[in-house]
1. Looking only at the stretch 214-237, which residues are surrounded by fewer than 23 Cβ atoms within 10 Å (Cβ to Cβ) and within 19 Å of ILE143 (Cβ to Cβ)?
2. Between a first residue in the stretch 304-317 that is closer than 12 Å to TYR225 by Cα and a second residue that is buried (at least 24 other Cβ atoms within 10 Å of the Cβ) and basic (Lys, Arg), which pairs have beta carbons less than 6 Å apart while being 6 or more apart in sequence or on different chains?
3. Being more than 15 Å from the chain's Cα centre (by Cα), in a loop (DSSP other than H, G, I, E, B) and surrounded by fewer than 22 Cβ atoms within 10 Å (Cβ to Cβ) is true for just one of SER171, SER186, SER142. Which residue is that?
4. Of the residues in the stretch 251-272, how many are crowded, with 24+ Cβ neighbours inside 10 Å and touching an Asp or Glu at 6+ places or on another chain (Cβ under 8 Å)?
5. Go through the stretch 275-295 and report how many residues are closer than 18 Å to VAL233 by Cα and at pLDDT below 90.
6. What are the pairs, 6+ residues apart or on separate chains, where a residue within the stretch 360-374 that is closer than 12 Å to THR418 by Cβ has its Cβ under 8 Å from a residue that is at pLDDT 85 or above and surrounded by 23 or more Cβ atoms within 10 Å (Cβ to Cβ)?
7. Is there any pair linking a residue in the stretch 474-495 that is not assigned by TED's automatic domain parsing to the domain that holds GLY383 to one that is modelled with pLDDT under 85 and aromatic (Phe, Trp, Tyr), with Cβ under 9 Å and at least six apart or on different chains, and which?
Amino acid sequence: MKKILKLFSLMFIFISLFTIASCSSEIKGTLEVTATSTKIQATASFNKNTVLEESSTIVTVKLYNEAVTEQLDRKIVSLGSEKVQGTVSFEDLDTDTTFVLKLYVSHGGTETFIAEAKATTTSSGSSEEKPIEISSIAEFLSIEDDRDAYYKLTADLDFKEEANVSICSSSEPFEGVLDGNGHKISNYNIATGEYAGLFEYVEDATIKNLTLENAAIDISTSCKYVGALAGYVVNSTIENVNLTSVDIKTPSGPTTTAQFGGLAGVITAEANSNDEKNVSTVKNVNVSNANLEFAQVRPTQNYLFYGGGFAGRISGSTTVENCKVSGAMNVKSRSTTGTAYLGGFAGAIESSQIISNSISSVSISVVRGSNYFGTLCIGGFAGADGAGQINLNNCLAIADIEALNDEARTSATTNIATKAYIGGVVGLVSSSPKGVKNCYYAKANFGIVVKQADANQTTNYVDDCYVSSTIAYVGALIKNKISNVYSYDDSLNVVGMTTLDNHADTESYKTILSDELKSYLENAISLREKMASELAKFNYSSYSYTTAYDYEATISFEEETNAYVLASTSNLNVENNNLKISKATKEEYSAIRIYLLKDNSALNVILHITLGA
């Protein structure tokens, strides 16, 4: 009897092993591979098999040298919910090299070979000497297939016939080099999502020698990081980039923290897992004609809104040098508790590195919509130092700033913010250990106009609200970090706020600013005087005006000049050098914002006409 049981037991073990082996042998699969310059992607595909569904089953792809004498790497494949397909990638491989990849399935202690494939990495995209050349839109969009390669444009790319575009997500960011090679990418609309930009997310990358033109973004409530070049930039270099004409608009912005800028939503530097590269550099970048229209800015309690002509927020170890921005930003509030940082260059600068030799020429208009802000920080260059440290040296802001407590500009009893800090250079510097040095503010035309509730009203907001032509408020412990910060023009028109002014004599800029910035300011002032002279020729005498311009542009009010009126195109026109405003317009509007363009091309000037009685 014992012999029979023993024989039966052996037979059972044999049958079990045979069954397992039989199941393993029935697993059929293929291995498909694609190679770029430094990466091989392998996709394992199987017929449906119950063995693959067991939790103890392991699927692997092994990487060998061409002679299969050395195993170089091994990746476990996740087959997903269907248990039939999965993909792995082998990165940082040598270029121009052949590899062998083998697919295995391990089950019940047995590893079974399934399939193998060969792949050879290429030399294209491996270096500046061997770039992947881009001459078409399809080739540009294929950057997503090889995100860490070296690319070079060999032709201009016009996206006017294309749908919305946005490549390289936060989970798969652009990590390579894009050399524009002096070429242009134009006429593109950006697809919106949490990250919105031509590149959604840029990390450990370089973008250089590139021109961008006519970008447009209509922001949805899901957007958090928005810019014409990139939504989010981290540990990267951007240099020799020109962006001309970008329109960023939102009918109803997000209620959570959001960061929107003409070039990028965020430019920052963060320590990575390898602790290898945690700096960002932005150099010789020019953003012109940035038009930011934020119809409803509505961060809720403990959330922040960052808006800037150049970037929403600049933080970490980010260096900015020799950069310019021009344009206009219009904001309407719809928040009772949130904080808004608004700056001509950046909403907030929180970088430990220097932002130097840079110019902001962005006029800012903020009005109270359905509600007020909890805290409002506005600066001709930067709104505030935010949660970090501001380190400005030799920077210039030329701007008009208006912060008004209602759209009609008539109320004397409401407030635009519970706390407000509005400065020609920076709104608020609270605790920065770095500081602001050798910086200047000059009005574009009318200067800084602010209207809160009058001081004699029942609710007095003056104690928490400050305005200055330089820096509105500086923390008591860091006042020694501020030096040589002046304004060219004494131009404050303020109701209901405490005013502080560091106005200097008009010659002081000659000793404060570098030669380049000094020349820019002198040209801008000359242009301002010319515009005032030309506007005086118009046949309607009661007006004030604000401008957003580049001093290199030519301003002309000739017969062929085109007028576009945001409020009403039918009630205003330009004829024979005369600005004509109809009676109906005067009755309907207290103010009209006008774009004057020459030959329907680049934005030269924005007029803000205040109508008289």
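The values are calculated or read from the model by the stated rules, or taken from the named source; none is laboratory data. Values in this document were obtained by computation on a predicted structure and should not be read as measured data. Neighbour counts are summed over all protein chains in view; Cβ atoms, including those assigned to glycine, are modelled from backbone coordinates with ideal geometry.
1. Here is the first cut: in the stretch 214-237, the ones surrounded by fewer than 23 Cβ atoms within 10 Å (Cβ to Cβ) are 214, 216, 218, 220-222, 224, 237.
Result: THR237, single match.
2. TYR306/ARG313
3. One residue alone meets the criteria, SER171.
4. 0
5. Taking the stretch 275-295 as the starting set, the residues that turn out to be closer than 18 Å to VAL233 by Cα are 275-287.
Next, only the ones that are at pLDDT below 90 stay: 275-278.
The total comes to 4.
6. TYR372/ALA417; PHE373/THR339; PHE373/ALA340; PHE373/ALA417; PHE373/ALA420; GLY374/THR339; GLY374/ALA417
7. Every condition considered, the pairs that remain are SER491/PHE446; ASN493/PHE446.
Okay, residues lined up against (1) out of contact with any helix residue (DSSP H, G or I) (no Cβ under 9 Å at 6 or more places or on another chain); (2) within 24 Å of ALA328 (Cβ to Cβ); (3) of a type outside the set (Gly, Ala, Ser); (4) assigned to a strand (DSSP E or B):
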{"position": "SER363", "(1), (2), (3), (4)": "yes, yes, no, yes"}
{"position": "ILE378", "(1), (2), (3), (4)": "yes, yes, yes, yes"}
{"position": "ALA387", "(1), (2), (3), (4)": "yes, no, no, no"}
{"position": "ASN394", "(1), (2), (3), (4)": "no, no, yes, yes"}
{"position": "SER431", "(1), (2), (3), (4)": "no, no, no, no"}
{"position": "LYS437", "(1), (2), (3), (4)": "no, no, yes, yes"}
